[in-house]
Amino acid sequence: MIKQFLSSQAGHPKGMIGRLFALLMNKGNKDVYDGIMDMLDVTPQTSLLEIGFGNGQLLLEIEKTHPKRICGIDISETMMAAAQKKFKKAGLTDRIEIDRAGTEAIPFDDETFDTVLTSNTIYFWKDLRQGLTEIHRVLRKGGCFINGFATVKGLKDHSFTEYNFKKYELADFKKASIETGFKVEDQIEIIKDKAYCVKIIKQ
Ligand SMILES: C[S@@+](CC[C@H](N)C(=O)[O-])C[C@H]1O[C@@H](n2cnc3c(N)ncnc32)[C@H](O)[C@@H]1O
């Protein structure tokens, strides 16, 4: 019961527990955030989108690299409010654009972004290939998607991921990427066999 509750909070944080969970994720996902930051190549011309930004911690980090445009989407109303609170405190409400939406229908025109990124969300997408196809649509040609995620072995370390998590091996993600029109460009092994950041490029 508790495991099911925790897994549903991870996939769709709600209320006070959801906010607490997001704070724990900020700590637990720090190495993945760092991997994504290492892979990002932001210039003053870069437009970027984070999928499933949680409480907005990584968007705040990325903002410091001064992209031209910085956006995020998340399905959770609680996370929208938590991120807005952080951005308000930092004086960045007008600068960081966030929408309540999911990978099922990304609310941006074709070829809007140079970079799309996500940390620990692919387990909750309704369909990996459909999500990748949507990301491909909103990316410019040559643009990249950076995905930080834990593999089957990595998720097994957290017993609540037994429920509600779709699990992928590194090879599953790469195969789906190639099948949806991307080329695999680079990868960082965050924890041996357990967590990776993978950069794929829109062909
Ligand atoms: C495990 S949390 C990770 C939060 C943050 N990215 C981090 O690493 O700290 C998953 C987040 O993805 C969001 N989410 C789940 N499914 C989503 C989807 N299909 N599209 C966009 N966001 C989604 C959830 O609301 C939640 O905020």
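With 20 Å as the limit, the listed pairs Lys30/Lys192; Lys30/Lys202; Lys30/Lys166; Lys86/Lys202; Lys64/Lys86 have Lys30/Lys202; Lys30/Lys166; Lys86/Lys202 beyond it between alpha carbons. Enclosing the Cα atoms of region 2-202 in their convex hull gives a volume equal to 102 cubic angstrom per residue.
Of all the options Ile36, Ile191, Ile75, the one that moves most in a Gaussian network model of the chain with Cα springs shorter than 10 angstrom is Ile191. Ignoring aspartates and glutamates fewer than eight residues from Lys85 along the same chain, the ones with Cα atoms less than 17 angstrom from its Cα are Glu61, Glu63, Asp74, Glu77, Asp94, Glu97, Asp99.
Distance between the 7 Å Cα→Cβ label points at Lys89 and Asp127: 4.0 nm. When its C-alpha radius of gyration is set against 2.2 N^0.38 Å (N residues), region 89-181 gives a value of 1.20. Of the GluC sites (Glu not before Pro) found in region 62-171, the ones in coil according to DSSP and having at most 15 other Cβ atoms within 10 Å of their Cβ are Glu104, Glu111, Glu169. Straight-distance candidates among the aspartates and glutamates for linking to Lys175, with alpha-carbon spacing under 16 Å and chain neighbours fewer than 8 residues away dropped: Asp127, Glu185, Asp186.
Ala105 to Gln203: FRET efficiency via 1/(1 + (r/R0)^6), r the Cβ-Cβ distance, R0 22 Å, to the nearest 0.05? Given R0 = 22 Å and the Cβ-Cβ separation, E is 0.45.
Simple point charges give the picture: +1 on the Cβ of Lys and Arg, -1 on the Cβ of Asp and Glu, and for region 116-201 a dipole about the Cα centre of about 200 debye.
Each value in this text was obtained by applying a stated rule to the coordinates, not by laboratory testing. The structure displayed is predicted, hence computed values, not measured ones. We place every Cβ from the backbone using ideal geometry, glycine too, and count neighbours over all the protein chains shown.
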